[in-house]
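One structure is given below, encoded as C-alpha cells.
The values are calculated or read from the model by the stated rules, or taken from the named source; none is laboratory data. In this text the structure is predicted, and so the values were computed from the model without any measurement. Methodologically, a virtual Cβ is constructed for each residue, glycine included, from the backbone with ideal geometry; neighbour enumeration extends over all protein chains shown. For the accessible areas, the whole protein counts, side chains as well, though only heavy atoms, and no ligand, DNA or RNA atoms are used. Shrake-Rupley method; radii C 1.70, N 1.55, O 1.52, S 1.80 Å.
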Amino acid sequence: MKIILQTDRLILRELVPSDLDAVFALDSDPEVHKFIGNRPSTSKLYAIQSIEDKIAQYKTQGVGRWAIIDKQSNAFLGWAGLKFIRDETNKISNYYDLGYRLHPRFWGQGIATEAAKAILAYGFSELNIDTIYAMAEEEHFASHRVLEKIGMRCLELINFEGKQYKWFALNKLDFL
C-alpha cells in the first residue's frame with residue numbers, strides 16, 4: 001500500500017483488499033448514505049468491487065479515493081480523494097472531483113476538512129490541476145461547510161440523478 005499524504009493527524013493511503021471490512025462498514029451504514037442516494041450496501045461484494053475500482057483508478061488515472069487512517073490509533077476513518085470524471089456533469093466532462101466519506105463516529109472532528117485541504121494542495125501542486133470540483137446534496141449542510149472552509153465556492157444548484165446538489169469549484173490561483 002502506498003501512502004499518498006500525511007497531515008498532523010491523518011495518513012491518506014491507497015485502499016487495499018484488506019480494507020474490505022472497514023469499507024463495508026462504511027458503505028452499509030444508513031446514516032452515511034443519507035445524503036448520497038440512500039442506498040447502503042447490503043453485500044460485501046459491493047465493497048470488494050469498490051476497492052477494486054479505486055485500485056484500478058490509481059493505476060489508470062494516478063489518483064483516486066484514499067483511505068483516511070488516524071495516525072495515533074491506526075483506525076480506518078473513511079476515505080477521501082480525487083476522482084477523474086470523464087462523464088459530463090453540469091456541462092463539464094474530464095474533470096477532477098473531490099469526495100470524502102467518513103464513519104459517523106468521526107463526524108464533526110475536522111477530519112474531512114483536514115483531509116480535503118491536503119488533497120487540494122496535492123491536486124494543485126503535484127498534479128497541476130487547474131480547477132477541482134465537488135458537489136453535495138442541497139440539504140447536506142455539514143458537507144457544504146467543509147467545502148466552504150477549504151475555499152471552494154458554490155457556483156450553482158444543479159439537478160443530478162433526480163436530486164438537487166450544490167456544485168462547488170476551486171481553481172488553483174484562488175487556492176495558492
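Surface analysis of the chain yields an accessible area of 53 Å² per residue, using protein heavy atoms and a 1.4 Å probe.
The fraction of Cα-Cα pairs per 5 angstrom bin, counted from 0 for the stretch 43-130, comes to 3, 12, 21, 23, 21, 14, 6, 1, 0 percent, rounded to whole percents. Taking the inverse of the mean reciprocal distance over all distinct Cα pairs, the Kirkwood hydrodynamic radius of the chain comes to 16.4 Å.
Here the stretch 1-50 is treated with +1 on each Lys and Arg Cβ and -1 on each Asp and Glu Cβ, and its dipole about the Cα centre works out to around 100 debye. For the stretch 1-32 versus the stretch 82-117, the inter-centroid distance based on Cα atoms is 14 Å. Result for the chain in a Gaussian network model with C-alpha springs under 10 Å: among Leu98, Leu77, Leu155, the largest mean-square fluctuation is at Leu155.
Sparse packing (at most 14 other Cβ atoms within 10 Å of the Cβ) combined with a DSSP loop state is found for the following GluC sites (Glu not before Pro) in the stretch 67-136: Glu88. Counting only Cβ charges, +1 for Lys and Arg and -1 for Asp and Glu, the dipole size of the chain around its Cα centre is about 220 debye. Just the protein heavy atoms count here, and of the accessible area of the chain at 1.4 Å, carbon and sulfur take up 48 percent. Screening the chain for whole DSSP H helices of 27 Å or more along their axis (Cα) with average Kyte-Doolittle hydropathy at least 0.0 returns none.
Within the stretch 11-78, the GluC sites (Glu not before Pro) that combine a DSSP coil assignment with at most 12 other C-beta atoms in a 10 angstrom radius are Glu31. Pairs of Lys residues in the chain are counted when their Cα atoms are under 20 angstrom apart and they lie 8 or more places apart or on different chains; the count is 23.
Springs between Cα atoms under 10 Å define the GNM used for the chain, and in it the highest mean-square fluctuation of Thr131, Thr113, Thr89 occurs at Thr89.
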